[in-house]
Amino acid sequence: MICFDILTLFPKLCAGAFMESILKKAQENRLIQVRCLNIRDWATDKHHVTDEPPYGGGPGMVMKPEPIFAAVESIRTERSHVILMTPGGRRFTQELASELSGKRHLIFVCGHYEGIDHRVSEFLVDDEISIGDYVLTNGAIAAAVVVDAIARLVPGVLGDGDSARDETFSSGTLEYPQYTRPHEFRGWSVPAILLSGNHRAIQEWRLTQARQKTQERRPDLLKGS
Ligand code: ADE
């Protein structure tokens, strides 16, 4: 069982991602636990203030350190790995998902506004992760992406048929095209080879298609192979 705790000012933003389908079932089956927690609940002042203007001036607001430290310290154990979601973090990949799937408790600290007081990065978290080179309004959306990618690697979360799909990145190529019934749709036919029953030829065709697609779209994945 892996426990995921997402600390955010907007827990409803990510909670929905875990209320349907595979990850809902994984929680029911006690393979994973996901909690979306509100940082505001750890703000102790009367108005539950969580952000202030930046020292030194500049636009926007910065998230205060105290509620974030209090939240993490109240749920952290020796087995926890604390991750700050930020566009400045190390890039999230299938390999990193696989590495993190070996942890027992992941705590995600999610920013909002212009940023988070830098002492969170310096003195609280173990890791910083970005899901890509673009800026989201909210780290909670990024955390939901990361939790999904890790959770599906937990044994039992996917059926056997689905788990083979990890091949997309672990095999170093993108996936070959898939087709299902009907064999003709609006005049577009399924490639004849897939109906041939010749498993070896089908295998070769899929390999060629996967390599071609990777060469066209993601030649960087083929480098070094
Ligand atoms: N918060 C805002 N943008 C982000 C990104 N690209 N990755 C992780 N957290 C973020």
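Any read-out appearing in this document is the output of simple, stated calculations on the displayed coordinates, not a laboratory observation. What you are looking at is a predicted structure, and each value in this text was computed from that prediction instead of being measured. All Cβ positions, glycine included, derive from the backbone under ideal geometry; neighbour counts span all protein chains shown.
A few notes on this one:
- Convex hull volume per residue for region 55-132, taking Cα atoms only, in Å³: 91
- Beta bridges per DSSP, both residues in region 1-63: antiparallel share near 20 percent.
- Least to most buried among Thr168, Thr93, Thr44 (fewest other Cβ within 10 Å first): Thr44, Thr93, Thr168
- Of all aspartates and glutamates in the structure, the ones whose alpha carbon falls short of 20 Å from that of Lys213, not counting any fewer than 8 places away in one chain, are Asp166, Glu167, Glu175, Glu204.
- Listed by chain and number, the lysines whose alpha-carbon sits under 20 Å from that of Lys25, ignoring those within fewer than 8 places in the same chain, are Lys12.
- Each residue in Arg35, Arg200 was given a count of other beta-carbon atoms within 10 angstrom of its own, and listing them fewest first yields Arg200, Arg35.
- Percent breakdown of C-alpha pair distances by 5 Å bin, ordered from the shortest bin, for region 2-151: 2, 10, 20, 23, 22, 13, 6, 3, 1, 0, 0
- Think of region 2-151 as a dipole: +1 on every Lys or Arg Cβ, -1 on every Asp or Glu Cβ, centred on the Cα centre; then among Pro53, His105, Ala140, His105 lies furthest on the positive end.
- Per-residue [θ]222 nm for the chain (sum of -39500 (n - 2.57) over DSSP H runs n ≥ 4, rounded to 500): -9500 deg cm²/dmol
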